[in-house]
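Colleague: Got a structure for you, questions after.
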Amino acid sequence: MNGIIFPILLLLLVSVVPADMLASTDALVRTESVADTVVLQEFSVTSIKQSDRLFDMPEAATVIGRAEAERLNAVAIKSLSDVVPNFYIPDYGSRITSSIYVRGIGARMDQPSVGLNVDNVPVLNKDAYDFDLADIASVEMLRGPQTALYGRNTMAGQINITTLSPFRYQGWRFRAEFSSPVNAKASVGWYHRFGFRHGLSVTGAYTYSRGFFKNRYNGKMVDPERMWNVRAKYIWRISDSVTLQNVLAASSLHQGGYAYESVESGQIAFNDTCFYRRFLLSDGLTLKWNSEKFTLSSISSFQYIDDNMTLDQDFLPLDYFTLTQKKKEPAFTQDVVVRSKSADSKYSWLAGAFGFYKHLHMLAPVTFHDYGIAELIEQHRNEGNPSHPISWDSRSFPLNSDFTIPVFGFAVYHQSDLRLGRWRLSAGLRLDYEHAAMDYRSYCSTGYMIYGRQPDGSFAPERHVDIDIDDSGRLSKEFFNFIPKITVLYELPTPDSSNVYINVAKGYKSGGFNTQMFSDVLQQRLMGIMGIGASYDIDRMVSYKPEYSWNFEIGSHLGFFKGRLVADVSVFYIDCRDQQLTMFPDGTTTGRMMTNAGKTRSFGLEASVSAAPADNLSIRASYGYTNAKFRKFFDGHEDFSGRYIPYAPQNTLFFQAVYTLPIRHKILRRIEFDANLRGTGKIYWNESNTLHQGFYCLPGASVALEADKWLIRVFGTNLSDTRYHTFYFQSIGNEFLQRGKPWQIGVSVSAHI
C-alpha cells in the first residue's frame, strides 16, 4: 500500500463520472500504480456528449488527469501547449490573446478555432479563454473538427475541462506557489458533502506577477498581473434518476502586457499606457435525468464579460496613437441532449438542440497624438501640396467607433452508432443557423488651417476646414449549414484494448465583422477630405466569410502489456476553404483585419506514447507534424500559393520521464523526480515566408516530496534560458517581436485536510 494519498489521487482522476452515477461507486477504493497514471486514456470522459472512453472512440484525443496537470503546473490551457501533439498556444500580448493552433488551423482574432467547455458549459468569447482554474480534475483535448456535436468554432478541436467534485473529495485543499522573478499563486478550496444528496465546493485563487520584461523608456515592468477568481459548485441528487449541478464563477484581472520589442533596436520601449482589465461572470446549470431507456441532459448558462484593452499601438517612444477597446457582452446558451441507453444494444443514438444569444457593445476609439498628426497626416499632406501647407487645430484627437453586435443561432444535431461485431459505424449531422448583425457609428470632429505662401515667402492663414464626420449604418449576415461526420472503427483482436479508425468530418467556423477596420475607414475618409489617402469599401473591408474544412483522418489507439504501454497515432489531411487570416490593410493604417484565403491544405501526423518500463518509472512522449500551405491565395498584390500558413508551427514535441522513489515513512511517503522537454517550430511569421522562428526546445524539471496530506514540489522551466519569440507583427512599417519567457525556478506547496 503506497499510503492513503494514492487512492485519493485516483478518486480525483475519475471524478469525471456524473454525480448521479455515484451511488454504485461511493465505496470505490483502489491503489494508484504507475500504470494508472500512465494510461490516462482509460479514464471516463467528462462530456455529456460522449459515452465511451476516449481510447475507444474514433478520435485523436489526449486526456490530462489531475496528477499530471499538477505535475505540469497546468492551471490554464496555455500550460498544455506542446503537451498535446499539434496543439500550440503562443504566450504573447495579454490574456485577451487566446490564439490556438491545431493542425495548421488557428485564429489570432475574433472567432476561435477550438471550442472550450468548463464543466460542460461552453465559453463563447475567445477573449475569456485565458484564465486560471484551481483543482482541475481532468482536461480532454479532441483534435480535428468537432462541429457536428459541439457546433460553431470547433473546426480545429474541442477542449473539455472538468473541476473537482465535492462527491469525490471532502475537506480543505490549499496550494501556494512562488517562482522567479516575483510570481506568486495561492488557492484554497472547501469541499463538503451534505449526506447522500447534496455536495458543495467553494474555491478561491489569487495570482500575482511583477512581470518578466522591462520598458526601457520608463524603467517599469511591462507585464505585471493581478488576478483573483472564485468558483462555487453545487450538486443535488434530487432522486436516484435526477441530478442537478450548478457552477457559479467570477474572476477579475488587472494586467499590463504587450511586451513587444522593436526588431530594429532590440528593445521594448514605448511611451504610452498599455494594460488589459477584465471581469468575468458565469453561471452554468446542468440538469440530468436517467430513465430506463435514455438519458436527458439540459445545460443552461449565462456568461458576461466586461473588459478594457488600452495600448500604445505604435509601440515606440513617440506620440503616434493609442487604441482603446472596451467591451461588454452578456451571453446565454441552452443545450438539450438526449442519448439512448444501449449497454447491450448494437444500435445507439444521440440527439440534441442548441441555441445561443450574445449581445456585444464595444467602444473602440483610436486617439491620434502630436507625432502621429505631424508624421502621418500633416507631413503626408504637405508633401503633396507644399505651397499650401496645413496645421491641425489640436495636437490630439480621437477617431471614434461604437458598435452593437447581436448574434444568435440555433442548431439541431444527431448521431447514430452501429456495432457489428468488431466494427463500429457512426454517422452524425448538424443543421446550424446563425444570424449576426452590427450597428455601427464612426465619428470624428476636428479641423485644420490651410496656409498660403505670401510674396515675401512666409505663410499666412488662408482658410479653415472643419471636419465633422458621423457615419452610421447596419450590416447583417445569415449562415445556414449542414455539417456531417462519418467514422468507422475496428477493434483489433489483441489481448489489450486496441483499434484502428477512419474519421471524415466537416468543420465550420462562423464569419463576422472587422470592427478594428472602422478606425482605418474613418482615417482614410478624413485624409480623403484633404485629397490624399485611399477609399475603403465598408461592405468589403469590415466583414469576412465563414471558414469551412473537410478533415480526413486515419488513426489507431494501441495498448500493450496490460496497459503498461499505450500508443496513439494518426495521420490527417485537411482541405480548407475561405480560411480566415489576420492581415494588415493597404495604406498607412492603425489596425488589422480578418480576410479569407481562397484555399489552403494541411497534412501531417500525430503520435503519443505512455509507458511504464519499470514499476517506479513512467515515460510520456508526443510529437506532432503539420505541413500547412496556401493552395490559392492572392491578396491583390502578391500570389502566396505554395507558401506556408503563418503562425502555425510545423512541429510540436513533448517528452517527460517520471521516476518515483518509495519511502514509506510515516512522515514522507515518496519522492518524485520529473524531467521534461517541450519543443516548437518552425513558425513562419508572414505570408511570404521571409521571416520565421526556428525550432526551439525548453527543458524543465521538478522534484516532489509527498506525504499523506501534503506535497512540496521544486520546479524549473526553460532551464536552458533559451531565447525565442512567440509573435511577430508590423505597425506603420515597423517590425516587432514578442520574446518568450526566460527561465524560472519555483516551489509549490499543496495540502489537503
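Colleague: If you place +1 on the Cβ of every Lys and Arg, -1 on the Cβ of every Asp and Glu, and leave all else neutral, what size is the dipole of the range 5-752 about its Cα centre, to the nearest 20 Debye?
Modeller: Roughly 2360 debye for the range 5-752.
Colleague: Return one number: the angle in degrees, 0 to 90 and rounded to the nearest 10, between the long axis of the Cα atoms of helix 518-529 and the longest principal axis of the Cα atoms of the chain.
Modeller: Relative to the chain, helix 518-529 is tipped by roughly 10 degrees.
Colleague: Continuing with this model, one more query. Among the listed pairs 545/629; 477/506; 288/509; 78/545; 485/509; 327/358, which are separated by more than 18 Å between their Cα atoms?
Modeller: 545/629; 477/506; 288/509; 78/545
Colleague: Next question, about the same structure. On a 19 Å Cα-Cα criterion, which of the cross-link pairs 214/682; 49/233; 214/741 come out too long?
Modeller: 214/682; 49/233
Colleague: Also: Which FRET efficiency, nearest 0.05, do residue 328 and residue 254 yield, Cβ-Cβ r, R0 25 Å?
Modeller: So, using R0 = 25 Å, E works out to roughly 0.90.
Colleague: Using DSSP to define loop residues, name the trypsin sites (Lys or Arg not before Pro) in the range 636-671 whose beta-carbon has at most 16 other beta-carbon atoms within 10 Å.
Modeller: Filter output for the range 636-671: 664, 666.
Colleague: Would you work out which of 710, 227, 680 lies farthest towards the positive end of the dipole of the range 5-752, given +1 charges on the beta-carbon of Lys and Arg and -1 on that of Asp and Glu, about the Cα centre?
Modeller: Ranked along the dipole, the leading option is 710.
Colleague: Please go through the range 253-308 and write out the GluC sites (Glu not before Pro) that DSSP classes as loop and that have at most 15 other C-beta atoms within 10 Å.
Modeller: Answer by residue number: 264, 292.
Colleague: Which of 156, 558, 573 sits farthest toward the positive end of the charge dipole of the chain, with +1 on the Cβ of Lys and Arg and -1 on the Cβ of Asp and Glu?
Modeller: 558
Colleague: Go through the range 234-322 and name the trypsin sites (Lys or Arg not before Pro) that are in a DSSP coil and have 11 or fewer other Cβ atoms within 10 Å of their Cβ.
Modeller: 293
Colleague: Grab the other residues whose beta carbon is less than 13 angstrom from that of residue 502, score K and R as +1, D and E as -1, and report the net.
Modeller: 0
Colleague: Round to the nearest 0.05 the FRET efficiency obtained for residue 443 and residue 464 when R0 = 30 Å and r is the Cβ-Cβ distance.
Modeller: Efficiency, from the Cβ-Cβ distance: 0.90.
Colleague: Label-point separation (nm) for residue 412 and residue 709, each offset 7 Å from Cα along Cα-to-Cβ?
Modeller: A separation of 5.6 nm, rounded to one decimal place.
Colleague: Between residue 567 and residue 217, what is the spin-label point distance in nm, taking each point 7 Å from the Cα along the Cα→C-beta axis?
Modeller: The two pseudo-label positions are separated by 5.4 nm.
Colleague: If amide H atoms are built 1.01 Å from N in the plane of the peptide, which residues on other chains or at least 5 residues away come under 5 Å of the amide H of residue 743?
Modeller: Distant-sequence amide H within range of residue 743: 721.
Colleague: Rounded to whole Å and ordered largest first, report the semi-axes of the equivalent ellipsoid of the chain derived from its Cα gyration tensor (root of 5λ).
Modeller: For the chain, the semi-axes come out at 48, 29, 25 Å.
Colleague: Compute the distance in nm between two label points, each set 7 Å from the Cα along the Cα-to-Cβ direction, one at residue 345 and one at residue 370.
Modeller: Using points 7 Å along Cα→Cβ, the separation is 7.6 nm.
Colleague: Using a 10 Å cut-off around each Cβ, can you sort 444, 697 from fewest to most neighbouring Cβ atoms?
Modeller: 697, 444
Colleague: May I ask you to derive the relative contact order of the chain, considering only C-alpha pairs under 8 Å and at least 6 residues apart, and to give it as an integer percent?
Modeller: Normalised by residue count, the contact order of the chain is 11 percent.
Colleague: At a Förster distance of 56 Å, what's the computed FRET efficiency of residue 420 paired with residue 190, Cβ-Cβ distance as r, to 0.05?
Modeller: It comes to 0.70.
Colleague: Shifting gears a bit: For residue 126, go through the aspartates and glutamates and keep the ones whose alpha-carbon is under 19 Å away, minus same-chain ones fewer than eight residues off.
Modeller: Within the straight-line limit of under 19 Å, residue 126 reaches these aspartates and glutamates: 91, 110, 140, 283, 306, 307, 329, 434, 547.
Colleague: Sticking with this one: Contour minus end-to-end for residue 383 and residue 486, with contour as 0.36 nm per residue of separation and end-to-end as the Cα-Cα distance?
Modeller: Result: 30.9 nm gained on full extension.
Colleague: Once the piece of chain linking residue 552 and residue 697 is laid out straight, how much longer is it, given 0.36 nm per residue of separation minus the C-alpha distance between them?
Modeller: Result for the pair: 49.2 nm of gain on full extension.
Colleague: Gain in length, residue 583 to residue 198, computed as 0.36 nm per residue apart minus the alpha-carbon separation, to one decimal in nm?
Modeller: Using 0.36 nm per residue and subtracting the Cα-Cα distance, I get 133.4 nm.
Colleague: Quick check: Cα centre of the range 361-383 to Cα centre of the range 452-498, how many Å?
Modeller: 21 Å
Every read-out reported here was derived from the displayed coordinates using simple, explicitly stated rules and does not represent laboratory data. Treat the numbers as computed from the prediction; the structure is a model and nothing was measured. Because the Cβ atoms are built from the backbone with ideal geometry, glycine has one as well, and the counts that use them run over all protein chains shown.
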